[in-house]
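All remarks here apply to the structure that follows.
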Amino acid sequence: AYDTHAALLHLACNPEDTLRLVTTNFDRMFHAAAKHTKQKFHAYTAPMLPIPKNSRWNGLVYLHGRLPEEPDDTALNRLVVTSGDFGLAYLTERWAARFVSELFRNYVVCFVGYSINDPVLRYMMDALAADRMLGEVTPQAWALGDCEPGQEHRKTIEWEAKGVTPILYEVPAGSHDHSALYQTLHAWADTYCDDIQGKERIVDNYALKNPSDSTAQNDFVGRMLWALSDKSGLPAKRFADFNPVPSLDWLLEAFSDEHFQHSDLARWLRRYLNDPRLIIWIAQREGPLPSRNYSPLSA
């Protein structure tokens with residue numbers, strides 16, 4: 001019953017075991033999941049919220065309050081439930097808006113379990129839009145969003161209009177079947193928790209597949225590229241040593257496609273900039289970059 005909450009708790013921990021997770025639910029399901037998996041964390045309950053910056057936040061934030069274990073009128077009165085509560089939290093007292101603004105200013109955020117018209121999402125994105133109008137530059141926001149077959153383009157436009165990039169999963173027309181989301185979170189958490197072994201398992205699972213069979217709903221080529229990019233080189237060695245030898249189509253198709261853009265440079269290089277073994281191999285170069293105030297980086 002707590003598998004999805006346990007998966008989110010694992011996914012929200014970085015390699016240093018720092019937890020950064022925000023929920024707008026009032027229930028205590030995360031505490032029950034943590035007890036089941038023997039995971040410990042600190043909880044912040046509204047309106048006493050942390051400052052969401054890298055060095056100051058480690059725990060689970062109940063942005064709209066949390067139900068107390070025992071009857072407690074003070075805790076119940078702090079729950080953000082009614083329109084008046086939202087107005088106080090985001091517009092008048094603005095403690096929730098300040099938290100959300102700092103959150104989007106300092107972190108890449110991924111929404112899980114929100115619909116495009118969710119009032120909570122609207123309040124959050126309105127607070128973010130106000131900051132952007134003042135010239136604030138914020139990292140990309142993402143959302144795991146449901147989508148009926150054939151509606152991908154429309155859904156993408158709706159999400160992007162809110163300043164959020166969607167990662168769509170399919171829901172059969174007329175149903176409320178979100179099993180694809182739950183299965184994705186569980187598989188993602190299992191791979192993430194297993195670290196190198198999880199990435200090597202991806203190589204084992206897909207090395208002998210034809211990369212042309214990869215689809216938007218089952219993008220195993222993307223998973224393979226992610227696994228092979230591990231800085232340890234162990235998943236790549238696993239692929240190189242694979243027996244029988246994987247199809248040449250991996251080299252001719254999947255590995256030769258231009259999957260990444262300039263905006264991905266920071267994501268790929270951030271892990272290596274402090275590594276004395278850093279070597280940069282420029283396989284393609286159209287010409288020199290235009291003259292700007294770039295910090296020099298030699299290879």
- line: Per the list (1) at pLDDT 85 or above; (2) surrounded by 17 or more Cβ atoms within 10 Å (Cβ to Cβ), residue check on residue 149 breaks on (2)
- line: From the option list 203, 108, single residue qualifying as at negative phi and buried (at least 16 other Cβ atoms within 10 Å of the Cβ) is 203
statement: For residue 187, the lone unmet condition from (1) within 19 Å of the chain's Cα centre (by Cα); (2) buried (at least 16 other Cβ atoms within 10 Å of the Cβ) is (2)
- line: Those residues of the stretch 27-60 which are surrounded by fewer than 19 Cβ atoms within 10 Å (Cβ to Cβ) and hydrophobic (A, V, I, L, M, F, W, C) amount to 29, 32, 41, 43, 48, 51
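If I filter the stretch 131-146 down to residues being among the aliphatic types (A, V, I, L, M) and surrounded by fewer than 12 Cβ atoms within 10 Å (Cβ to Cβ), which single residue comes out as farthest from residue 217 (Cα to Cα)?
Going through the stretch 131-146, the residues among the aliphatic types (A, V, I, L, M) turn out to be 133-134, 137, 141, 143-144.
Now drop any that are not surrounded by fewer than 12 Cβ atoms within 10 Å (Cβ to Cβ), which leaves 133-134, 137.
Working: 133: 35, 134: 38, 137: 31 Å.
Within the stretch 131-146, the match that is farthest from residue 217 (Cα to Cα) is 134.
Would it be correct to say that residue 66 is crowded, with 16+ Cβ neighbours inside 10 Å and touching a residue at least 60 places away in the same chain (Cβ under 8 Å)? Step through it out loud before you land on a result.
Details: crowded, with 16+ Cβ neighbours inside 10 Å: yes; touching a residue at least 60 places away in the same chain (Cβ under 8 Å): no.
Criteria not met by residue 66.
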message: Quick test for you: out of 182, 272, 206, pick the one residue that is hydroxyl-bearing (Ser, Thr, Tyr) and at pLDDT below 75.
response: 272
message: Just to be sure I understand, how many residues within the stretch 214-244 are without any contact (Cβ under 8 Å) to a residue 12 or more places away in the chain and in a helix (DSSP H, G or I)?
response: 3
- prompt: Which of the residues spanning the stretch 111-157 are part of a loop (DSSP other than H, G, I, E, B) and either under 20 Å from residue 183 (Cβ atoms) or free of Cβ contacts under 8 Å to residues at least 24 places away in the same chain (or both)?
  reply: 113, 114, 115, 117, 118, 134, 135, 137, 148, 149, 150, 151
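The values are calculated or read from the model by the stated rules, or taken from the named source; none is laboratory data. Fair warning: this is a prediction, and the values are worked out from it, not measured in the lab. Neighbour counts are summed over all protein chains in view; Cβ atoms, including those assigned to glycine, are modelled from backbone coordinates with ideal geometry.
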